[in-house]
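Enquirer: For reference, the structure I am asking about is given below.
The values are calculated or read from the model by the stated rules, or taken from the named source; none is laboratory data. Fair warning: this is a prediction, and the values are worked out from it, not measured in the lab. A quick note on method: Cβ atoms are made from the backbone with ideal geometry, for glycine too, and the neighbour counts reach across all protein chains shown.
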Amino acid sequence: MDLPELKIGSLVAKVPIVQGGMGVGISLSSLAGTVALNGGIGVISAVEIGFNEQDYLKNKMEANLRALRAHIKKAREIAKGGVLGINVMVALNNFEQMVVEAVKQKIDIIFAGAGLPLKLPQFTMGTDTKVVPIVSSGRAAAVICNSWHRHYGVVPDAIVVEGPLAGGHLGFKEEDIMHPDFQLENILKDVLEVIKPFEAIYKKNIPVIAAGGIFSGKDIAEFIKRGAAGVQMATRFVATHECDASDEFKKAYINAGHDDVQIIQSPVGMIGRAIKNKFLKDVKAGNKKPIFCLCNCLKPCNPAKAPYCIADALINAQKGNLDKGFAFAGANVYKIKEIVSVKQLMKELVSEAKKYLKDNV
């Protein structure tokens, strides 16, 4: 049995894998373009994308917009016609500007999470850009679908449902992470139910993409059998040659053991999953004090109370300076043992998934 293609409106990805957007600077044009080239959907992270621009601290907005344009152009050159998306967090202070610019650059898909993107359609209606919200519950999917239907007469082109085993910031309370009701298979089921009436009204299929803890081809096959149209994977793509992170960042993934993955309290008021290191130990011990705000990037952040600047920490980590930062990662990062090419990784995942589907018809 073959893996199904992932169809989002008129877009078709031959491999039903979305590479999750990872910031700051972990999934840029190199990774996204190569994933798209190999049949998946490559996703550029928009968060503080201009961090390498010379005028980033002096002229942040223009630096971010300039870098966004450059990375979309470069990713397109690599992808050779493959499907490309951009991940823009709703919590970003420059959310609207980044969305408008991405649409102007004719990006294929905008993925929007870390908040409810209730106004997103006003920036994309009348264009070819598809809109895909990222949710962590059926309730959030219902709120978005109802709001878009009522105010814009549209529904999402697809929905990513992210479970509690994901890396980075999580849309869950810490006490709910291991609760059966909040596991991916259950919230996937909820979202599939929520969208049924909207699919009937609009006479269209709304693909649901499962995310958070997807690691192997077997995982991909199992969630497709549960009704997902495809999966989103992020952590596994960090340990690839084409990933835009530094070698030191990738080595943190390779060297992580099971007990090195921890839940942290982010300065932006959310929990997140990251790899333990000295920086995070110092934060927990109270050795970090409120500092100046590097770039005013996130709406929920209060610099006067934050023990560290998360943008600064993530930029340092991306560049390999893990003494002054840390690496977000999914719960299964400890299973990664080597750095491979994107082509090899996707070939392995597809082969595993096909075999599992064949053996479990």
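Enquirer: Among the residues of region 179-191, write down those that are within 14 Å of ALA142 (Cβ to Cβ) and either aliphatic (A, V, I, L, M) or touching a residue at least 60 places away in the same chain (Cβ under 8 Å) (or both). Show your work before the answer.
Expert: Step one: list which residues in region 179-191 are within 14 Å of ALA142 (Cβ to Cβ), which gives 187, 189-191.
Those that are within 14 Å of ALA142 (Cβ to Cβ) and either aliphatic (A, V, I, L, M) or touching a residue at least 60 places away in the same chain (Cβ under 8 Å) (or both): ILE187, VAL191.
Enquirer: In addition: Being modelled with pLDDT of 95 or more and among the hydroxyl-bearing types (Ser, Thr, Tyr) is the filter; apply it to region 239-273 and report the residue that is farthest from the chain's Cα centre (by Cα). Lay out the reasoning, then the answer.
Expert: To start, the set of residues in region 239-273 that are modelled with pLDDT of 95 or more comprises 239-263, 273.
Adding the requirement that they be among the hydroxyl-bearing types (Ser, Thr, Tyr) leaves 240, 246, 253.
On the way: THR240: 16, SER246: 19, TYR253: 17 Å.
My answer is SER246.
Enquirer: What residue, among those in region 129-171 that are closer than 17 Å to VAL261 by Cα and touching a helix residue (DSSP H, G or I) at 6+ places or on another chain (Cβ under 6 Å), is surrounded by the most Cβ atoms within 10 Å (Cβ to Cβ)?
Expert: So, considering only residues that are closer than 17 Å to VAL261 by Cα and touching a helix residue (DSSP H, G or I) at 6+ places or on another chain (Cβ under 6 Å), the one surrounded by the most Cβ atoms within 10 Å (Cβ to Cβ) is GLY167.
Enquirer: Still on this structure: Pull up region 306-347, narrow it to residues that are of a type in the set (Phe, Trp, Tyr) and within 21 Å of PRO267 (Cα to Cα), then point me to the one that is modelled with the lowest pLDDT.
Expert: Let us first name the residues in region 306-347 that are of a type in the set (Phe, Trp, Tyr), namely 308, 326, 328, 334.
Remaining after also requiring within 21 Å of PRO267 (Cα to Cα): 308, 326, 328.
Details: TYR308: 72, PHE326: 95, PHE328: 96.
It comes out as TYR308.
Enquirer: Count, please, the residues in region 126-172 that happen to be in contact with a Pro (Cβ under 6 Å, 6 or more places away or on another chain) and of a type in the set (Gly, Ala, Ser).
Expert: 1
Enquirer: Which ones in region 150-185 are over 27 Å from VAL238 (Cβ atoms) and either in a helix (DSSP H, G or I) or not assigned by TED's automatic domain parsing to the domain that holds GLY20 (or both)?
Expert: Across region 150-185, the qualifying residues are ARG150, HIS151, TYR152, GLU175, PRO180, ASP181.
Enquirer: Where residues in region 330-361 are among the hydroxyl-bearing types (Ser, Thr, Tyr) and under 20 Å from the mean Cα position of the chain (by Cα), which of them is surrounded by the fewest Cβ atoms within 10 Å (Cβ to Cβ)? If you could, list the steps in order and put the result at the bottom.
Expert: Let us first name the residues in region 330-361 that are among the hydroxyl-bearing types (Ser, Thr, Tyr), namely 334, 341, 351, 356.
From what's left, under 20 Å from the mean Cα position of the chain (by Cα): 334, 341.
On the way: TYR334: 18, SER341: 13.
The extreme case among them is SER341.
Enquirer: If you don't mind, another one. Restricting the search to region 1-27, which residues are small (Gly, Ala, Ser) and within 25 Å of ALA239 (Cα to Cα)? Walk me through it before giving the result.
Expert: As a first pass, look at region 1-27 and keep what is small (Gly, Ala, Ser): 9-10, 13, 20-21, 23, 25, 27.
Residues satisfying the conditions are ALA13, GLY20, GLY21, GLY23, GLY25, SER27.
Enquirer: How many residues are part of a loop (DSSP other than H, G, I, E, B) and in contact (Cβ under 8 Å) with a residue 40 or more places away in the chain if we restrict to region 116-149? Lay out the reasoning, then the answer.
Expert: Restricting attention to region 116-149, the residues satisfying the condition of being part of a loop (DSSP other than H, G, I, E, B) are 116-120, 125-129, 136-137.
Applying the additional criterion that residues be in contact (Cβ under 8 Å) with a residue 40 or more places away in the chain yields 128, 136-137.
Residues flagged as part of a loop (DSSP other than H, G, I, E, B) and in contact (Cβ under 8 Å) with a residue 40 or more places away in the chain within region 116-149 amount to 3.
Enquirer: Using beta carbons and a limit of 7 Å, which pairs, at least six apart or on different chains, have the first residue in region 72-91 and modelled with pLDDT of 95 or more and the second one of a type in the set (Lys, Arg)?
Expert: LEU84/ARG76
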